[in-house]
Amino acid sequence: MSTSYFVILFLAIFISTASSNPILNYTQSHRGCGPIGIDITSFLQDEGVGVITPFCVDHDACYSSCNTTRTGCNDSFRTCTKNACAAQKPSTLKCSTYASILYSVTSVFGIPSYDVSQRAANCT
C-alpha cells in the first residue's frame, strides 16, 4: 500500500506543477495512464493491474472529445475500471485500489489536462 501513496503524492505534485506551466507544442494522444508527460502504464503492468490501461486510453480520448464533460469522462473511467478489476482474480483489491487512486487524482487534479485536451481538439 505504501507504493500507492507514493504514486498519489507523485502524481499530485506533478499535476499541480504542470497545471501552472503552459504546455507548448502539445499534441493530443491517447497513450495510457498518467498525466501529460508521464506514462505509468508499465508501472501498472508490473504491479499486475494492467487491465486498467485500456480505460486510461479511453479516458484520454474522452477528454479530447467535444461535447463531453470532465465529470462524465471521470465517472465512465471509474465504472469501467471498477468492473474490470472485479474480474481481476486474485488481485481484485489491488486493482481496485489503483483504479480508485487514479480516479481520485484525476478528479481532483485533472482540470488542466481536460482543458488542454479540449483546446487541442478545437472544442473550446
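Here, each number is a calculation from the coordinates, and none is a lab measurement. Source: prediction; values computed, not measured. Here the Cβ positions follow ideal geometry from the backbone for every residue, glycine too, while neighbour counts run over all protein chains shown.
Each of 89, 82 was scored by other Cβ atoms within 10 Å of its Cβ. Arranged with the fewest first, they read 89, 82.
Remark: the range 34-86 carries a charge dipole of roughly 220 debye about the Cα centre, counting +1 on each Lys and Arg Cβ and -1 on each Asp and Glu Cβ. Shown for 66, 33: other C-beta atoms within 10 Å of each C-beta, ranked fewest to most, produce the order 66, 33.
Using the count of nearby Cβ atoms within 10 Å as a rough guide to exposure, how do 102, 93, 44 rank from fewest to most?
93, 44, 102
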